[in-house]
Amino acid sequence: MSIIAVGSAKASPGVTSLSVGLGQSWEPTTGRRAVVVEADGDGGVLAARFGLASSPSLVELSGTTRHEMTISRLQASCQPLAGHLPALVAPGCGETTTRILSHLAKRLADGFGQLDEIDAVVDVGRVRLDSPAAELIKHCDLLVLVAHPRFDQLVPLVHQARRVLSEDIPTALVCVGDRPYPPTEMAKASQLDLLGVMAHEPRVTQALVGGFPVNQRHRRLLLWRTLTELVHRIHFRLQAAAGGREAA
Ligand SMILES: Nc1ncnc2c1ncn2[C@@H]1O[C@H](COP(=O)(O)OP(=O)(O)O)[C@@H](O)[C@H]1O
Ligand SMILES: [Mg+2]
């Protein structure tokens, strides 16, 4: 299993929406199954947004810590989001999520590494290496930093990028929209590879926050095409990294 961590340096640029979008586009694009994991220390929003139950969630999975993580244990803790995407949701309360993640994050990172048949898109919220999701960030196959191309997001992005790159965490940038700064300038200043631009489409994004189900017409729109393109690029990077490891 590959772990794709998605987070921001600051503010609320669309991390959860991008995580859901990548999760929904993952299997149609790569042919591999995906699970979306909510590991945001500020607490979860997916259950509320998509009308899911409060359980099962990270809480139930944390109750099985003495057992090995298997695909069936993982699936038993997931709920189907928007019909089919397995989602491991976090409790809405930040304190509870932080407490659970503080002992579950390392186990999730180790356990996911053992599961071959499914990839995890992990919403880590605000990226901090002392956050409860730090073990997932440190052990991910790719950290996707999300930012609006604006000056107030550039400065924290530059600092966070320096921090994660100094820890050898493979990291790339996704910009939400392409204004006012060109995303290439954001990438250059932060020394991150620009993975792509998620179209800024407030109306269509409602599908990613549970506002309406995705249909074939939406899949033809720019936002969905860019999500598919992002999944292609992520998958390509993961395969190239795995090939490099095998050759070494
Ligand atoms: N690509 C996008 N285009 C337009 N609006 C977006 C986009 N992504 C997210 N949003 C909006 O931004 C707000 C925050 O999104 P969310 O994904 O919850 O951000 P975060 O997880 O970073 O806090 C939501 O209202 C969402 O609809
Ligand atoms: Mg979020």
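Using the structure shown, decide if T64 is in a loop (DSSP other than H, G, I, E, B) and over 30 Å from F151 (Cα atoms). Working first, answer last.
Values: in a loop (DSSP other than H, G, I, E, B): yes; over 30 Å from F151 (Cα atoms): yes.
So T64 fits the description; yes.
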Original post:
Quick check: is even one residue across the stretch 182-192 in contact with a strand residue (DSSP E or B) (Cβ under 9 Å, 6 or more places away or on another chain), of a type in the set (V, I, T) and free of Cβ contacts under 8 Å to residues at least 40 places away in the same chain?
Top reply: yes
Subject >> The listed residue being at pLDDT 95 or above and touching a helix residue (DSSP H, G or I) at 6+ places or on another chain (Cβ under 8 Å), out of P156, P183, P170 >> reply: P170
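Kindly indicate whether E201 is surrounded by fewer than 20 Cβ atoms within 10 Å (Cβ to Cβ) and not in a helix (DSSP H, G or I).
Considered against the rule, which asks whether it is surrounded by fewer than 20 Cβ atoms within 10 Å (Cβ to Cβ) and not in a helix (DSSP H, G or I), E201 comes out as yes.
Let me confirm something: among L208, L165, L238, L223, which residue is closer than 30 Å to A47 by Cα, modelled with pLDDT of 95 or more, assigned to a helix (DSSP H, G or I) and aliphatic (A, V, I, L, M)? Before you say what the answer is, go through the steps one by one.
Working: L208 fails: modelled with pLDDT of 95 or more; L165 fails: closer than 30 Å to A47 by Cα; L223 fails: modelled with pLDDT of 95 or more.
Residue meeting the stated conditions: L238.
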Subject >> Qualifying residues in the stretch 123-149 (those that are in a loop (DSSP other than H, G, I, E, B) and among the aliphatic types (A, V, I, L, M)) - the one farthest from ligand 2 (Cβ to nearest atom) >> reply: L129
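Look through the stretch 1-19, keep the residues that are near ligand 1 (Cβ under 8 Å from one of its atoms) and either of a type outside the set (S, T, Y) or part of a strand (DSSP E or B) (or both), and return whichever of them is surrounded by the fewest Cβ atoms within 10 Å (Cβ to Cβ).
Restricting to residues being near ligand 1 (Cβ under 8 Å from one of its atoms) and either of a type outside the set (S, T, Y) or part of a strand (DSSP E or B) (or both), the top hit is A11.
Here's a check for you: in the stretch 238-248, which residue that is of a type in the set (A, V, I, L, M) and loosely packed, with under 11 Cβ neighbours inside 10 Å is nearest to ligand 2 (Cβ to nearest atom)?
We begin by selecting, within the stretch 238-248, every residue of a type in the set (A, V, I, L, M); these are 238, 240-242, 247-248.
Still in the list and also loosely packed, with under 11 Cβ neighbours inside 10 Å: 240, 247-248.
On the way: A240: 29, A247: 37, A248: 36 Å.
This residue is A240.
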**OP:** Take the stretch 208-237 and flag every residue that is within 16 Å of ligand 2 (Cβ to nearest atom) and either touching a helix residue (DSSP H, G or I) at 6+ places or on another chain (Cβ under 7 Å) or acidic (D, E) (or both).
**Re:** L208, V209, G210
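Looking only at the stretch 33-44, which residues are touching a strand residue (DSSP E or B) at 6+ places or on another chain (Cβ under 8 Å) and within 10 Å of ligand 2 (Cβ to nearest atom)? Walk me through how you get there before you give the answer.
Step one: filter the stretch 33-44 for residues touching a strand residue (DSSP E or B) at 6+ places or on another chain (Cβ under 8 Å), giving 33-42, 44.
Those that are touching a strand residue (DSSP E or B) at 6+ places or on another chain (Cβ under 8 Å) and within 10 Å of ligand 2 (Cβ to nearest atom): E38, D40, D42, G44.
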Subject >> Members of the stretch 1-45 found to be among the hydrophobic types (A, V, I, L, M, F, W, C) and farther than 30 Å from V158 by Cβ, listed by number >> reply: M1, A34, V35
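Could you please give the count of residues in the stretch 141-157 that are without any contact (Cβ under 8 Å) to a residue 40 or more places away in the chain and surrounded by fewer than 20 Cβ atoms within 10 Å (Cβ to Cβ)? Explain how you work it out, then say what you get.
Looking only at the stretch 141-157, we keep the residues that are without any contact (Cβ under 8 Å) to a residue 40 or more places away in the chain, and these are 149-151, 154-155.
Okay, now just the ones that are also surrounded by fewer than 20 Cβ atoms within 10 Å (Cβ to Cβ), so 150-151, 154-155.
Qualifying residue count, the stretch 141-157: 4.
Quick one: would you say V37 is assigned to a strand (DSSP E or B), touching a residue at least 40 places away in the same chain (Cβ under 8 Å) and more than 13 Å from ligand 1 (Cβ to nearest atom)? Before you say what the answer is, go through the steps one by one.
Values: assigned to a strand (DSSP E or B): yes; touching a residue at least 40 places away in the same chain (Cβ under 8 Å): yes; more than 13 Å from ligand 1 (Cβ to nearest atom): yes.
Criteria met by V37.
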Subject >> Residue selected from the stretch 80-114 under the condition part of a loop (DSSP other than H, G, I, E, B) and buried (at least 16 other Cβ atoms within 10 Å of the Cβ), by the criterion farthest from ligand 1 (Cβ to nearest atom) >> reply: P91
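The values are calculated or read from the model by the stated rules, or taken from the named source; none is laboratory data. A quick note: this is a predicted structure, and the numbers were derived from the prediction, not measured. Note that each Cβ is placed from the backbone with ideal geometry, even for glycine, and that neighbours are counted across all protein chains shown.
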